[in-house]
Amino acid sequence: MVLPGWLWLAAFFVTPVIVMVSLSLQTGDFIDGFRQTFHFHTYAAVVETYHVQLVRSLLYGAAATTGCALVGYPVAYWIAFRAGRHKSVFLFLLLLPFFVSFVIRTQSWNVVLADNGVLLGPLKHLGLLPADFHVLATPYAVIGGLTYNFLPFMVLPVYVALERVDAKVIEASTDLYASRAQTFWRVVLPLSLPGVFAGVLLTFVPASADYVNAGILGGPSTTMIGNIIQTEYFTNLDYPAAAALSFVLMGTLLLAVFAYARALGTDDVLEVAAR
Amino acid sequence: MTTHTAAPAEDTAAHRPRSGRRGRRRPTLTVCTWLVLAWLLLPIAVMVLFGFNDTHSKVNFTWQGFTLTWYRHLFAIPNLTSALVNSLTIALVVAVAATLLGTPIGLALGRHRFRGRGSVDLLLFAAIAAPEIALGAALLSLFIVLGVPRGYATVLIAHVAFCIPYVAITVRARMAGHDPTLEEAARDLGAGPWTAFRLVTLPMLLPGVVSGALLCFALSIDDYVVTSFNAGRTVTFPLWVYSASRTGVPPQVNVMGTLIFAGGLIIAGANVLFARRRAA
């Protein structure tokens, strides 16, 4: 019964990853064809050439994830504890952006932040900003776009975790004369960490690998690794390099996730967070 | 702002009656939430508004006045229209195919303990957690090595691949709240396995299946990353908008985006009403 779906996933999810690794270990060029040579030097070469973009992608991803956590946690907290009867309304508002195409949402920021657009134009006209001030094509635009696009992926899991916190536990904490701040830092926050972790996973991975925001809102100095992978596949037609880069990106992100899980899983981190 | 604001330092616990959960509270958090929601909804407002913009150049950046021209000439750009048609037909086929393939996986995961269950679980997790670009690049590698020309069919294959896991987990979540003894009761009362499935399991499962299918439709029509890797010369709506963003997005894109948005809201609203009526 499971077989057809399982086969589809095996054929079009597992096999492609294996083929991609095999492709990354081929040498040759587009005109003469590629041969399987199992040379690992492609990996060294792509990391050597593109380490700047690779590190930049991880930094932008981390910045966007931090932004999402700082902005998203209070929102999730407010909806979980203060929204009263209207919780579902606020959750719905939070999901509203998903009814609009990802590319159009990003493009809308292009309109809002344009050098002489609806936001910067009037400010420049009033002399509040210098005429050559711009936001587009800077890291701020790209990180801002990433934070914007992936925020709901942080708020929702945090909300679910907060929602699960037993009201009796909070009451017990108040009964034991904990202040509101102590109750939050030592009871609510630690209990909601699994949600934060899920949020970090759901935000960091797609944000680091994204290239739509860098493509629409960024400039030549904000190129991310996703843009490079696309160029290698479609412009340079250097398939082994493209495949190697994709695998490096995928491996790095999975390692980062794993490392973070290990770190968060230890009690030390919980205690630091509780302080 | 930081998470500090989530717990105002002010110690009101001692002053307010314990039963009253609405003590004196600083409005900081409320204001922040509204600001964040405004931030989230701003691009949507921009999209809707600029669909009514009376712009005369290709560049739709500044407000020129209100017009309904773009609604009247919605299909004036032939290749934009065909991109939209591609997106809609792909999303429809993907929603049906991925639901048919994914539902049994969700059903099995929710109900049976079987050999390889762990690996299915892991595969679903990996498929959802992996960055989209990895799936896009991996599939492209496969098609390159096999010499399959990229186009409409490869987009369909790719979309079904990333939608199956979402259907499976949606259906599994629905199964989790289901009492298996109901089917046993049906069997005890003389129903065959198919009848028991049709009359007991399927009606219970249906809301999960419908939300799974709607989710697939939404994921497929919105996808840029995986599509851009496997589309070849086929152009979908998001691909068209992305390439237009370099030169200037015509207002028709805003109108189409607005109509898709409105359609999504209507379907979501209908789904909620439908679920409520079933529950009543």
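Among the chymotrypsin sites (Phe, Trp or Tyr not before Pro) in region A:1-88, those placed in a DSSP loop whose Cβ has at most 10 other Cβ atoms within 10 Å are A:30, A:38. Annotation: Cα Rg of region B:42-196 relative to the compact-globule expectation 2.2 N^0.38 Å equals 1.55.
Put simply, the Cα atoms of chain A extend 76, 60, 40 Å along their principal axes, the longest span coming first.
Please state the equivalent ellipsoid semi-axes for region A:1-75: what are the square roots of 5 times the Cα gyration tensor eigenvalues, largest first, in whole Å? Each semi-axis is the square root of five times an eigenvalue, giving 33, 26, 8 Å. As a calculated quantity, the FRET efficiency between residue B:76 and residue A:129 at R0 = 35 Å, using C-beta atoms, amounts to about 0.45. With the charge dipole of the protein assembly as shown set up from +1 on Lys and Arg Cβ and -1 on Asp and Glu Cβ about the Cα centre, the Cα lying farthest toward the positive end among the listed residues A:252, B:261, B:120 is that of B:261. Evaluated on the protein assembly as shown, the Kirkwood hydrodynamic radius is 25.6 Å, with distances taken between all distinct Cα atoms.
Per the Kirkwood formula applied to alpha carbons, region B:123-265 shows a radius of gyration over Rh ratio, Rg over Rh, of 1.12. Using DSSP H assignments, which helices in chain B have an axial alpha-carbon span of 30 Å or above and a mean Kyte-Doolittle hydropathy of -1.0 or higher? Helices meeting the criterion: B:28-50, B:78-111, B:152-176, B:251-279.
Given a cut-off of under 8 Å on Cα pairs at least six residues apart, what relative contact order in percent is computed for chain A? Result for chain A is 28 percent. Remark: accessible area buried at the A-B interface is about 7600 Å², both chains counted, probe radius 1.4 Å. Using the rule -39500 (n - 2.57) for each DSSP H run of four or more residues, divided by the residues of chain A, the 222 nm mean residue ellipticity is -23000 deg cm²/dmol.
Please build a GNM for chain A, connecting alpha carbons under 10 Å apart, and tell me which residue among A:236, A:110, A:227 fluctuates the most. Maximum fluctuation in the GNM of chain A, among the listed residues, is at A:236. Each principal axis of chain B carries a Cα extent, and these read 72, 72, 37 Å when sorted largest first. For chain B, which longest stretch is free of loop sites, where a loop site is one of the chymotrypsin sites (Phe, Trp or Tyr not before Pro) that DSSP puts outside H, G, I, E and B and that has at most 16 other Cβ atoms within 10 Å? Between the exposed loop sites, the longest stretch runs B:115-280.
Its Cα centre serving as origin, region A:4-123 has a Cβ charge dipole (Lys and Arg +1, Asp and Glu -1) of approximately 720 debye. Considering all C-alpha pairs of region A:43-129, those separated by over 15 Å amount to 77%.
Hydrophobic, long helices, defined as DSSP H runs whose alpha-carbon span along the helix axis is 15 Å or greater and whose mean Kyte-Doolittle value is at least -0.5, occur in chain A at A:41-81, A:102-113, A:139-164, A:189-209, A:239-265.
Give, rounded to the nearest 20 debye, the magnitude of the charge dipole that region A:142-245 has about its Cα centre when Lys and Arg contribute +1 at Cβ and Asp and Glu contribute -1 at Cβ.
Dipole of region A:142-245, to the nearest 20 debye: 280 debye.
Computed from the Kirkwood radius of its Cα pairs, the Stokes-Einstein diffusion coefficient for region B:142-206 at 10 °C and 1.306 mPa s stands at 107 µm²/s.
Taking the Cα centre of chain A as the origin and placing charges on Cβ (Lys, Arg +1; Asp, Glu -1), which of A:66, A:52, A:209 is farthest toward the positive end of the dipole? The listed residue farthest towards the positive side: A:66.
Per-residue ellipticity at 222 nm from helix content only, as computed over chain B with -39500 (n - 2.57) for each DSSP H run of at least four residues, stands at -22500 deg cm²/dmol. Under the simplified labelling scheme, the residue A:235-residue B:100 pair shows an inter-label distance of 4.1 nm, with each label point 7 Å from Cα along Cα→Cβ. Of B:227, B:236, B:195, the residue with the greatest mean-square motion in the GNM of chain B, using alpha carbon springs below 10 Å, is B:195. Each Lys or Arg adds one and each Asp or Glu subtracts one; over the other residues with Cβ under 14 Å from the Cβ of residue B:137, this totals -3.
The values are calculated or read from the model by the stated rules, or taken from the named source; none is laboratory data. Just so it is clear, the model here is predicted, and its values are computed rather than measured. When we count neighbours, we look across all protein chains shown, and the Cβ atoms used for this are built from the backbone with ideal geometry, even at glycine. Only protein heavy atoms, including side chains, enter the accessible area calculation; ligands, DNA and RNA are left aside. Shrake-Rupley method; radii C 1.70, N 1.55, O 1.52, S 1.80 Å.
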